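The values are calculated or read from the model by the stated rules, or taken from the named source; none is laboratory data. Worth saying up front: this structure is predicted, and the values here are computed from it rather than measured. Because the Cβ atoms are built from the backbone with ideal geometry, glycine has one as well, and the counts that use them run over all protein chains shown. Heavy atoms of the whole protein, side chains included, go into the accessibility calculation; ligands, DNA and RNA do not. Shrake-Rupley method; radii C 1.70, N 1.55, O 1.52, S 1.80 Å.
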Amino acid sequence: MIFFNSSEKNQTTRMSIDDLIEKTKKYLPPDEDFTMLKLAYDFAAEAHADQTRFSGESYISHPLATTYNLAAMKADMPTLLAGLLHDVPEDTAVSIQEIEKNFGKEVAKLVNGITKLGRLKYRGIERYAENLRKMFIAMAKDIRVIFIKFADRLHNLQTIQYLPAEKQKRIALETLEIYAPIADRLGMGEIKHQLEDLSFAILQPAEYNWVLSLRQEPLSRQTKNLSKIKKILEENLQKEGINFISLHGRTKRIYSLYRKLLQKDRDINRIYDLIALRIIVPNIQSCYTTIGIIHSIWPPLKGRIKDYIATPKPNGYQSIHTTVFATEGQIVEFQVRTPEMHDQAEYGIAAHWHYKEKGAIKLTEKQQKWIKELINIQKKVKDSEQYLQQIKLDIFSDRIFIFTPKGDVIELPEGATPIDFAYHVHSELGNKCIGAKINEQIAALDTKLRSGDMVEIMIDKNRKKPNEDWLKIVKTKSAKDHIRQALNKDLQSRWRLKSPF
Ligand code: MN
(Lines give C-alpha, C1' and ligand atoms only; values in the text may rest on other atoms or scores of the structure.)
Protein backbone atom coordinates (compact mmCIF):
# COMPACT_ATOMS: atom_id res chain seq x y z
CA MET A 1 0.00 0.00 0.00
CA ILE A 2 2.99 2.32 0.14
CA PHE A 3 3.13 4.02 -3.19
CA PHE A 4 6.35 5.97 -2.88
CA ASN A 5 8.67 3.05 -2.25
CA SER A 6 12.31 3.22 -3.16
CA SER A 7 12.04 1.25 -6.37
CA GLU A 8 9.44 3.68 -7.66
CA LYS A 9 11.62 6.59 -6.69
CA ASN A 10 14.37 5.33 -8.93
CA GLN A 11 11.96 4.82 -11.76
CA THR A 12 10.93 8.47 -11.83
CA THR A 13 14.11 9.48 -13.60
CA ARG A 14 13.75 6.92 -16.33
CA MET A 15 10.06 6.68 -17.08
CA SER A 16 8.34 7.95 -20.18
CA ILE A 17 4.97 9.56 -20.82
CA ASP A 18 3.69 6.13 -21.88
CA ASP A 19 4.68 4.69 -18.49
CA LEU A 20 2.82 7.53 -16.82
CA ILE A 21 -0.30 6.90 -18.88
CA GLU A 22 -0.14 3.19 -18.06
CA LYS A 23 0.11 4.02 -14.37
CA THR A 24 -2.91 6.35 -14.46
CA LYS A 25 -4.99 3.78 -16.37
CA LYS A 26 -4.68 1.49 -13.35
CA TYR A 27 -6.74 3.76 -11.12
CA LEU A 28 -8.66 6.30 -13.24
CA PRO A 29 -12.04 5.36 -14.77
CA PRO A 30 -11.64 3.86 -18.28
CA ASP A 31 -13.78 6.59 -19.89
CA GLU A 32 -11.20 9.31 -19.07
CA ASP A 33 -9.56 10.91 -22.10
CA PHE A 34 -6.01 9.63 -21.66
CA THR A 35 -4.83 11.27 -24.91
CA MET A 36 -4.99 14.57 -22.99
CA LEU A 37 -1.95 13.46 -20.98
CA LYS A 38 0.05 12.99 -24.17
CA LEU A 39 -1.16 16.37 -25.48
CA ALA A 40 -0.17 18.17 -22.27
CA TYR A 41 3.19 16.42 -22.32
CA ASP A 42 3.88 17.46 -25.94
CA PHE A 43 2.70 21.00 -25.19
CA ALA A 44 5.04 21.30 -22.19
CA ALA A 45 7.95 19.57 -23.96
CA GLU A 46 7.73 22.07 -26.80
CA ALA A 47 7.48 25.06 -24.45
CA HIS A 48 10.52 23.88 -22.44
CA ALA A 49 12.38 22.64 -25.56
CA ASP A 50 15.43 24.87 -25.15
CA GLN A 51 15.80 24.30 -21.38
CA THR A 52 17.76 21.73 -19.44
CA ARG A 53 17.83 20.78 -15.76
CA PHE A 54 20.98 21.27 -13.68
CA SER A 55 21.43 17.50 -14.03
CA GLY A 56 21.83 17.96 -17.79
CA GLU A 57 18.57 16.16 -18.51
CA SER A 58 16.01 17.80 -20.78
CA TYR A 59 13.66 20.00 -18.74
CA ILE A 60 10.53 17.95 -19.49
CA SER A 61 11.91 15.15 -17.30
CA HIS A 62 10.96 17.33 -14.29
CA PRO A 63 7.25 17.98 -15.01
CA LEU A 64 7.00 14.33 -16.03
CA ALA A 65 8.47 13.11 -12.72
CA THR A 66 6.29 15.60 -10.81
CA THR A 67 3.21 14.17 -12.50
CA TYR A 68 4.41 10.66 -11.77
CA ASN A 69 4.50 11.61 -8.08
CA LEU A 70 0.94 12.91 -8.46
CA ALA A 71 -0.13 9.63 -10.06
CA ALA A 72 1.34 7.88 -7.00
CA MET A 73 -1.17 9.91 -4.95
CA LYS A 74 -3.88 8.76 -7.41
CA ALA A 75 -4.51 12.31 -8.58
CA ASP A 76 -7.43 13.08 -10.89
CA MET A 77 -7.03 14.07 -14.57
CA PRO A 78 -7.05 17.89 -14.20
CA THR A 79 -4.36 17.66 -11.49
CA LEU A 80 -2.21 15.36 -13.65
CA LEU A 81 -2.50 17.74 -16.62
CA ALA A 82 -1.60 20.68 -14.37
CA GLY A 83 1.39 18.68 -13.11
CA LEU A 84 2.73 18.31 -16.65
CA LEU A 85 2.17 22.01 -17.35
CA HIS A 86 3.13 23.43 -13.94
CA ASP A 87 6.35 25.21 -14.94
CA VAL A 88 5.24 26.44 -18.37
CA PRO A 89 3.98 29.97 -17.56
CA GLU A 90 6.77 30.70 -15.10
CA ASP A 91 9.73 29.49 -17.15
CA THR A 92 8.70 29.80 -20.81
CA ALA A 93 7.18 32.35 -23.20
CA VAL A 94 3.89 30.45 -23.24
CA SER A 95 1.23 32.19 -21.13
CA ILE A 96 -1.43 30.95 -18.74
CA GLN A 97 -4.05 32.15 -21.26
CA GLU A 98 -2.70 29.72 -23.83
CA ILE A 99 -2.91 26.92 -21.30
CA GLU A 100 -6.51 27.85 -20.60
CA LYS A 101 -7.29 27.91 -24.34
CA ASN A 102 -5.86 24.41 -24.81
CA PHE A 103 -6.68 22.66 -21.54
CA GLY A 104 -9.56 24.59 -20.02
CA LYS A 105 -10.19 26.81 -17.00
CA GLU A 106 -9.82 24.16 -14.29
CA VAL A 107 -6.31 23.11 -15.37
CA ALA A 108 -5.25 26.73 -15.93
CA LYS A 109 -6.37 27.68 -12.42
CA LEU A 110 -4.37 24.86 -10.86
CA VAL A 111 -1.24 25.85 -12.83
CA ASN A 112 -1.75 29.50 -11.92
CA GLY A 113 -1.90 28.57 -8.24
CA ILE A 114 1.75 27.54 -8.13
CA THR A 115 3.08 29.99 -10.72
CA LYS A 116 5.24 32.61 -9.04
CA LEU A 117 4.63 36.33 -9.48
CA GLY A 118 6.63 38.26 -12.06
CA ARG A 119 10.15 39.21 -11.06
CA LEU A 120 9.67 42.86 -11.95
CA LYS A 121 7.05 43.89 -9.43
CA TYR A 122 8.45 42.16 -6.35
CA ARG A 123 11.97 41.39 -5.19
CA GLY A 124 13.76 39.41 -2.51
CA ILE A 125 11.92 38.54 0.65
CA GLU A 126 8.87 40.53 -0.42
CA ARG A 127 8.56 38.42 -3.55
CA TYR A 128 8.97 35.26 -1.52
CA ALA A 129 6.25 36.23 0.98
CA GLU A 130 3.88 37.34 -1.78
CA ASN A 131 4.36 34.07 -3.65
CA LEU A 132 3.57 32.05 -0.56
CA ARG A 133 0.47 34.09 0.12
CA LYS A 134 -0.68 33.69 -3.48
CA MET A 135 -0.26 29.94 -3.19
CA PHE A 136 -2.19 29.80 0.10
CA ILE A 137 -5.07 31.70 -1.49
CA ALA A 138 -5.13 29.30 -4.45
CA MET A 139 -4.91 26.37 -2.03
CA ALA A 140 -7.87 27.67 0.00
CA LYS A 141 -9.93 27.70 -3.20
CA ASP A 142 -8.66 24.36 -4.45
CA ILE A 143 -6.53 22.12 -2.25
CA ARG A 144 -5.17 20.25 -5.28
CA VAL A 145 -2.75 23.18 -5.79
CA ILE A 146 -0.71 22.12 -2.78
CA PHE A 147 -0.58 18.49 -3.97
CA ILE A 148 1.14 19.73 -7.15
CA LYS A 149 3.55 21.77 -5.06
CA PHE A 150 4.38 18.71 -2.93
CA ALA A 151 4.96 16.54 -6.00
CA ASP A 152 7.12 19.28 -7.56
CA ARG A 153 9.17 19.78 -4.38
CA LEU A 154 9.63 16.04 -3.93
CA HIS A 155 11.25 15.70 -7.35
CA ASN A 156 13.35 18.82 -6.80
CA LEU A 157 14.69 17.27 -3.60
CA GLN A 158 15.28 13.93 -5.28
CA THR A 159 17.50 15.68 -7.86
CA ILE A 160 18.94 18.37 -5.59
CA GLN A 161 22.55 17.16 -5.71
CA TYR A 162 23.05 19.07 -8.95
CA LEU A 163 22.35 22.46 -7.35
CA PRO A 164 24.89 24.70 -5.61
CA ALA A 165 25.22 23.87 -1.89
CA GLU A 166 23.69 27.12 -0.67
CA LYS A 167 20.62 26.70 -2.83
CA GLN A 168 20.24 23.10 -1.63
CA LYS A 169 20.12 24.30 1.98
CA ARG A 170 17.64 27.06 1.21
CA ILE A 171 15.26 24.64 -0.51
CA ALA A 172 15.64 22.01 2.21
CA LEU A 173 15.02 24.58 4.96
CA GLU A 174 11.92 25.90 3.26
CA THR A 175 10.66 22.34 2.90
CA LEU A 176 11.18 21.56 6.59
CA GLU A 177 9.75 24.88 7.73
CA ILE A 178 6.77 25.22 5.45
CA TYR A 179 5.87 22.28 3.20
CA ALA A 180 6.37 19.31 5.53
CA PRO A 181 4.27 20.95 8.30
CA ILE A 182 1.51 21.69 5.78
CA ALA A 183 1.57 18.04 4.68
CA ASP A 184 1.34 17.12 8.35
CA ARG A 185 -1.66 19.39 8.93
CA LEU A 186 -3.38 17.78 5.97
CA GLY A 187 -2.66 14.33 7.39
CA MET A 188 -0.43 13.38 4.44
CA GLY A 189 2.03 11.27 6.42
CA GLU A 190 3.82 9.61 3.54
CA ILE A 191 4.65 12.81 1.66
CA LYS A 192 5.58 14.54 4.92
CA HIS A 193 8.10 11.83 5.81
CA GLN A 194 9.66 11.87 2.37
CA LEU A 195 10.01 15.66 2.36
CA GLU A 196 11.46 15.58 5.89
CA ASP A 197 14.01 12.81 5.35
CA LEU A 198 15.32 14.28 2.09
CA SER A 199 15.61 17.77 3.64
CA PHE A 200 17.16 16.54 6.88
CA ALA A 201 19.95 14.78 4.95
CA ILE A 202 20.81 18.06 3.24
CA LEU A 203 20.47 20.41 6.23
CA GLN A 204 22.15 18.30 8.91
CA PRO A 205 24.23 15.62 7.18
CA ALA A 206 26.25 14.79 10.30
CA GLU A 207 23.12 14.29 12.42
CA TYR A 208 21.47 12.34 9.62
CA ASN A 209 24.41 9.95 9.43
CA TRP A 210 24.54 9.69 13.21
CA VAL A 211 20.91 8.48 13.25
CA LEU A 212 21.63 6.00 10.45
CA SER A 213 24.55 4.41 12.26
CA LEU A 214 22.88 4.55 15.68
CA ARG A 215 19.84 2.62 14.54
CA GLN A 216 21.74 -0.01 12.56
CA GLU A 217 22.38 -2.55 15.34
CA PRO A 218 19.00 -2.34 17.17
CA LEU A 219 17.21 -2.34 13.84
CA SER A 220 18.75 -5.59 12.64
CA ARG A 221 18.39 -7.23 16.07
CA GLN A 222 14.73 -6.23 16.42
CA THR A 223 13.91 -7.21 12.86
CA LYS A 224 15.19 -10.73 13.56
CA ASN A 225 13.05 -11.09 16.72
CA LEU A 226 10.03 -9.60 15.02
CA SER A 227 9.39 -12.56 12.74
CA LYS A 228 8.86 -14.77 15.81
CA ILE A 229 6.46 -12.29 17.39
CA LYS A 230 4.64 -11.91 14.10
CA LYS A 231 4.18 -15.65 13.85
CA ILE A 232 2.76 -15.95 17.36
CA LEU A 233 0.30 -13.14 16.70
CA GLU A 234 -0.74 -14.57 13.32
CA GLU A 235 -1.59 -17.92 14.90
CA ASN A 236 -3.60 -16.29 17.68
CA LEU A 237 -5.50 -13.99 15.31
CA GLN A 238 -6.42 -16.97 13.11
CA LYS A 239 -7.49 -18.96 16.15
CA GLU A 240 -9.81 -16.13 17.21
CA GLY A 241 -11.21 -15.74 13.69
CA ILE A 242 -9.71 -12.33 12.87
CA ASN A 243 -9.22 -12.12 9.10
CA PHE A 244 -6.44 -9.58 9.10
CA ILE A 245 -5.70 -7.93 5.76
CA SER A 246 -2.04 -7.37 6.43
CA LEU A 247 0.49 -7.73 9.21
CA HIS A 248 3.85 -6.13 8.59
CA GLY A 249 6.69 -4.33 10.33
CA ARG A 250 7.20 -0.64 9.69
CA THR A 251 10.47 1.13 10.43
CA LYS A 252 10.36 4.57 12.01
CA ARG A 253 11.38 7.22 9.50
CA ILE A 254 14.74 8.88 9.98
CA TYR A 255 13.68 12.44 10.79
CA SER A 256 10.89 11.25 13.11
CA LEU A 257 13.40 9.06 14.87
CA TYR A 258 15.82 11.99 15.17
CA ARG A 259 13.15 14.24 16.68
CA LYS A 260 12.27 11.58 19.21
CA LEU A 261 15.93 10.92 20.05
CA LEU A 262 16.34 14.62 20.87
CA GLN A 263 13.50 14.27 23.38
CA LYS A 264 15.04 11.13 24.91
CA ASP A 265 18.57 12.41 25.59
CA ARG A 266 19.75 10.81 22.34
CA ASP A 267 19.29 7.36 23.90
CA ILE A 268 18.05 4.84 21.35
CA ASN A 269 17.21 2.35 24.10
CA ARG A 270 14.38 4.64 25.13
CA ILE A 271 12.76 4.46 21.68
CA TYR A 272 10.08 1.77 21.71
CA ASP A 273 8.79 2.13 18.19
CA LEU A 274 11.94 1.89 16.11
CA ILE A 275 10.06 -0.93 14.48
CA ALA A 276 6.33 -1.33 15.00
CA LEU A 277 4.06 -4.12 13.87
CA ARG A 278 1.18 -2.77 11.86
CA ILE A 279 -1.99 -4.83 11.63
CA ILE A 280 -4.70 -3.94 9.17
CA VAL A 281 -8.06 -5.52 9.92
CA PRO A 282 -11.42 -5.21 8.13
CA ASN A 283 -13.39 -3.05 10.60
CA ILE A 284 -13.34 -1.08 13.85
CA GLN A 285 -14.79 -3.95 15.90
CA SER A 286 -11.90 -6.21 14.91
CA CYS A 287 -9.39 -3.43 15.81
CA TYR A 288 -10.53 -3.66 19.45
CA THR A 289 -10.67 -7.46 19.37
CA THR A 290 -7.11 -7.52 18.02
CA ILE A 291 -5.85 -5.26 20.80
CA GLY A 292 -7.50 -7.61 23.30
CA ILE A 293 -5.77 -10.61 21.72
CA ILE A 294 -2.38 -8.86 21.82
CA HIS A 295 -2.80 -8.02 25.52
CA SER A 296 -3.83 -11.58 26.31
CA ILE A 297 -0.51 -12.83 24.91
CA TRP A 298 1.86 -10.11 26.13
CA PRO A 299 1.43 -7.64 29.04
CA PRO A 300 1.10 -4.02 27.94
CA LEU A 301 3.37 -1.25 29.25
CA LYS A 302 1.48 1.14 31.48
CA GLY A 303 0.26 4.34 29.86
CA ARG A 304 1.25 3.31 26.35
CA ILE A 305 -2.17 2.41 24.99
CA LYS A 306 -3.37 5.18 22.68
CA ASP A 307 -6.84 4.96 21.23
CA TYR A 308 -6.78 7.30 18.23
CA ILE A 309 -9.91 5.61 16.91
CA ALA A 310 -12.07 6.96 19.72
CA THR A 311 -10.05 10.20 19.76
CA PRO A 312 -8.49 10.90 16.34
CA LYS A 313 -5.48 13.24 16.08
CA PRO A 314 -6.37 16.76 14.88
CA ASN A 315 -5.15 15.93 11.35
CA GLY A 316 -7.53 12.97 11.12
CA TYR A 317 -5.10 10.16 12.02
CA GLN A 318 -6.79 7.05 13.44
CA SER A 319 -5.34 3.79 14.82
CA ILE A 320 -4.89 2.08 18.17
CA HIS A 321 -1.33 1.87 19.46
CA THR A 322 -0.11 -0.32 22.26
CA THR A 323 3.34 -1.26 23.52
CA VAL A 324 3.92 -4.65 25.13
CA PHE A 325 6.63 -6.74 26.73
CA ALA A 326 6.90 -9.36 24.03
CA THR A 327 8.87 -12.56 23.70
CA GLU A 328 12.35 -12.51 25.26
CA GLY A 329 11.71 -9.20 26.97
CA GLN A 330 11.64 -7.24 23.76
CA ILE A 331 9.43 -4.17 23.88
CA VAL A 332 7.24 -3.96 20.77
CA GLU A 333 4.72 -1.41 19.57
CA PHE A 334 1.62 -2.55 17.69
CA GLN A 335 -0.54 -0.31 15.52
CA VAL A 336 -3.99 -1.58 14.63
CA ARG A 337 -6.20 0.08 11.99
CA THR A 338 -8.68 -0.49 9.16
CA PRO A 339 -7.72 -0.05 5.46
CA GLU A 340 -9.56 3.30 5.37
CA MET A 341 -7.60 4.50 8.41
CA HIS A 342 -4.39 3.33 6.77
CA ASP A 343 -5.05 5.34 3.62
CA GLN A 344 -5.98 8.33 5.77
CA ALA A 345 -2.67 7.99 7.66
CA GLU A 346 -0.60 7.78 4.49
CA TYR A 347 -2.43 10.19 2.16
CA GLY A 348 -4.52 12.35 4.50
CA ILE A 349 -7.04 14.42 2.62
CA ALA A 350 -5.67 13.04 -0.66
CA ALA A 351 -7.06 9.66 0.43
CA HIS A 352 -10.51 10.83 -0.60
CA TRP A 353 -9.38 10.44 -4.20
CA HIS A 354 -9.05 6.71 -3.62
CA TYR A 355 -12.64 6.37 -2.54
CA LYS A 356 -13.83 8.06 -5.72
CA GLU A 357 -15.94 10.63 -3.96
CA LYS A 358 -17.31 12.88 -6.64
CA GLY A 359 -16.46 16.55 -6.64
CA ALA A 360 -13.70 18.46 -4.89
CA ILE A 361 -11.65 17.03 -2.03
CA LYS A 362 -13.15 18.19 1.23
CA LEU A 363 -11.17 19.71 4.06
CA THR A 364 -12.28 19.42 7.65
CA GLU A 365 -13.60 22.59 9.21
CA LYS A 366 -10.42 22.91 11.25
CA GLN A 367 -8.24 22.63 8.16
CA GLN A 368 -10.30 25.23 6.30
CA LYS A 369 -10.03 27.61 9.22
CA TRP A 370 -6.31 27.12 9.44
CA ILE A 371 -5.71 27.93 5.74
CA LYS A 372 -7.87 31.05 6.07
CA GLU A 373 -5.72 32.12 9.01
CA LEU A 374 -2.56 31.73 6.93
CA ILE A 375 -4.00 34.20 4.45
CA ASN A 376 -5.37 36.59 7.05
CA ILE A 377 -2.00 36.99 8.73
CA GLN A 378 -0.99 39.18 5.80
CA LYS A 379 -3.74 41.65 6.56
CA LYS A 380 -2.47 42.12 10.09
CA VAL A 381 1.23 42.48 9.30
CA LYS A 382 2.48 44.66 6.49
CA ASP A 383 6.13 43.73 6.69
CA SER A 384 7.08 40.67 4.60
CA GLU A 385 9.65 39.46 7.07
CA GLN A 386 7.12 39.57 9.89
CA TYR A 387 4.63 37.76 7.71
CA LEU A 388 7.06 34.89 7.13
CA GLN A 389 7.82 34.70 10.85
CA GLN A 390 4.11 34.51 11.61
CA ILE A 391 3.54 31.80 8.99
CA LYS A 392 6.34 29.73 10.43
CA LEU A 393 5.06 30.24 13.96
CA ASP A 394 1.62 29.16 12.92
CA ILE A 395 2.51 25.99 11.09
CA PHE A 396 5.68 25.17 12.85
CA SER A 397 5.48 26.48 16.35
CA ASP A 398 7.72 24.13 18.31
CA ARG A 399 11.10 24.22 16.59
CA ILE A 400 13.42 26.68 14.92
CA PHE A 401 16.40 26.41 12.58
CA ILE A 402 19.50 28.50 13.14
CA PHE A 403 22.44 29.00 10.78
CA THR A 404 26.07 28.90 11.89
CA PRO A 405 28.41 31.42 10.23
CA LYS A 406 29.57 28.53 7.99
CA GLY A 407 26.02 27.93 6.80
CA ASP A 408 25.41 24.75 8.80
CA VAL A 409 21.92 24.44 10.21
CA ILE A 410 21.13 23.69 13.82
CA GLU A 411 17.71 22.76 15.13
CA LEU A 412 16.61 24.17 18.48
CA PRO A 413 13.35 24.40 20.37
CA GLU A 414 11.32 27.58 20.21
CA GLY A 415 12.53 30.13 22.76
CA ALA A 416 16.17 28.99 22.54
CA THR A 417 18.89 31.62 23.09
CA PRO A 418 22.42 32.16 21.72
CA ILE A 419 23.71 30.24 24.78
CA ASP A 420 21.64 27.19 23.81
CA PHE A 421 23.05 27.55 20.33
CA ALA A 422 26.65 27.75 21.65
CA TYR A 423 26.28 24.62 23.80
CA HIS A 424 24.61 22.77 20.97
CA VAL A 425 27.64 23.40 18.74
CA HIS A 426 30.23 22.50 21.41
CA SER A 427 30.35 22.61 25.20
CA GLU A 428 33.60 24.62 25.14
CA LEU A 429 31.99 27.22 22.87
CA GLY A 430 29.32 27.58 25.56
CA ASN A 431 31.75 27.71 28.48
CA LYS A 432 33.89 30.40 26.86
CA CYS A 433 31.01 32.44 25.44
CA ILE A 434 31.04 36.16 26.25
CA GLY A 435 28.67 37.52 23.62
CA ALA A 436 26.76 36.83 20.42
CA LYS A 437 25.97 38.34 17.07
CA ILE A 438 22.60 37.63 15.52
CA ASN A 439 22.50 38.36 11.80
CA GLU A 440 25.78 40.26 12.24
CA GLN A 441 24.36 42.53 14.96
CA ILE A 442 25.57 42.32 18.55
CA ALA A 443 22.74 40.90 20.65
CA ALA A 444 22.04 40.09 24.30
CA LEU A 445 22.65 36.49 25.34
CA ASP A 446 19.05 36.08 26.46
CA THR A 447 17.62 37.07 23.06
CA LYS A 448 15.08 34.54 21.82
CA LEU A 449 16.30 33.26 18.46
CA ARG A 450 14.06 33.14 15.42
CA SER A 451 14.08 30.56 12.66
CA GLY A 452 16.53 31.53 9.91
CA ASP A 453 18.77 33.64 12.21
CA MET A 454 22.51 33.41 11.66
CA VAL A 455 24.31 33.26 14.99
CA GLU A 456 27.96 33.85 15.73
CA ILE A 457 29.33 33.26 19.23
CA MET A 458 32.10 35.51 20.60
CA ILE A 459 34.45 33.83 23.04
CA ASP A 460 37.14 34.63 25.56
CA LYS A 461 39.73 31.87 25.35
CA ASN A 462 40.78 32.40 28.95
CA ARG A 463 37.30 32.11 30.33
CA LYS A 464 37.01 29.03 32.55
CA LYS A 465 33.36 28.68 33.45
CA PRO A 466 29.90 29.78 32.42
CA ASN A 467 27.78 32.32 34.24
CA GLU A 468 25.46 30.74 36.81
CA ASP A 469 22.61 33.05 35.77
CA TRP A 470 22.57 31.35 32.39
CA LEU A 471 20.72 28.46 34.02
CA LYS A 472 17.69 30.74 34.17
CA ILE A 473 18.03 31.83 30.55
CA VAL A 474 18.65 28.65 28.60
CA LYS A 475 15.86 26.59 27.11
CA THR A 476 17.49 23.27 26.29
CA LYS A 477 18.21 20.56 28.81
CA SER A 478 21.59 19.82 27.27
CA ALA A 479 22.74 23.44 27.77
CA LYS A 480 21.59 23.29 31.40
CA ASP A 481 23.45 20.02 31.95
CA HIS A 482 26.65 21.40 30.44
CA ILE A 483 26.46 24.58 32.53
CA ARG A 484 25.89 22.63 35.74
CA GLN A 485 28.68 20.24 34.89
CA ALA A 486 31.12 23.10 34.21
CA LEU A 487 30.13 24.89 37.43
CA ASN A 488 30.51 21.70 39.49
CA LYS A 489 33.93 20.99 38.07
CA ASP A 490 34.96 24.48 38.99
CA LEU A 491 33.64 24.04 42.55
CA GLN A 492 35.45 20.74 42.97
CA SER A 493 38.77 22.08 41.77
CA ARG A 494 38.53 25.12 44.02
CA TRP A 495 37.68 22.95 46.98
CA ARG A 496 40.66 20.74 46.26
CA LEU A 497 43.02 23.70 46.06
CA LYS A 498 41.86 25.21 49.32
CA SER A 499 41.46 21.96 51.18
CA PRO A 500 44.23 21.16 53.62
CA PHE A 501 43.77 17.41 53.07
MN1 MN B 1 8.69 22.58 -10.93
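Charged side chains reduced to their Cβ positions (Lys and Arg at +1, Asp and Glu at -1) give segment 207-325 a dipole of some 280 debye around its Cα centre. From its DSSP helices (H runs of at least four residues, each -39,500 (n - 2.57)), the chain gives a residue-normalised ellipticity at 222 nm of -16500 deg cm²/dmol.
In the complete set of protein chains, residue-level accessible area for residue 257 is approximately 0 Å², probe 1.4 angstrom. Tell me, what is the 1.4 Å probe accessible area of residue 328, in Å² to the nearest 10? Here the residue's solvent-accessible area equals roughly 130 Å². Solvent exposure of the chain, expressed per residue, is 50 Å² of accessible area, with all protein chains present and a 1.4 angstrom probe.
On full extension, the segment bounded by residue 165 and residue 18 gains 49.5 nm, given 0.36 nm per residue less the C-alpha separation. Per-residue SASA remark: residue 224, around 150 Å² accessible (1.4 Å probe; ligands, DNA and RNA not included). Residues 425, 455, sorted by accessible area with the largest first, give 425, 455 [1.4 Å probe; ligands and nucleic acids excluded]. By definition, a body whose alpha carbon gyration tensor gives a ≥ b ≥ c is oblate when a/c is 1.5 or more and a/b is not larger than b/c, and the chain fits this oblate description. Ignoring lysines fewer than eight residues from residue 464 along the same chain, the ones with Cα atoms less than 17 angstrom from its Cα are 432, 480, 489. Maximal additional length on extending the residue 302-residue 372 stretch stands at 21.2 nm, based on 0.36 nm per residue less the C-alpha distance. Legend: residues 254, 284, 442, sorted from most to least accessible area (1.4 Å probe; ligands, DNA and RNA excluded), read 442, 284, 254. Within the accessible surface of segment 11-203, defined with a 1.4 Å probe on protein heavy atoms only, the carbon and sulfur portion equals 50 percent.
Here the chain carries DSSP beta bridges of which approximately 85% are antiparallel, counting only pairs with both residues inside. At 1.4 Å probe size, with the rest of the protein present, what percent of the exposed accessible area of segment 206-348 is carbon and sulfur atoms? Reported share for carbon and sulfur atoms: 51 percent.
The length gained on full extension between residue 408 and residue 477, counted as 0.36 nm times the residue separation minus their Cα-Cα distance, comes to 22.7 nm. Amide H contacts under 5 Å for residue 400: 412, 414, restricted to partners 5 or more places along the chain or on a different chain, H placed in the peptide plane at 1.01 Å from N.
In terms of distances greater than 19 angstrom between alpha carbons, the cross-link table entries 149/406; 260/475; 105/372; 313/366; 116/141; 116/149 yield 149/406; 105/372.
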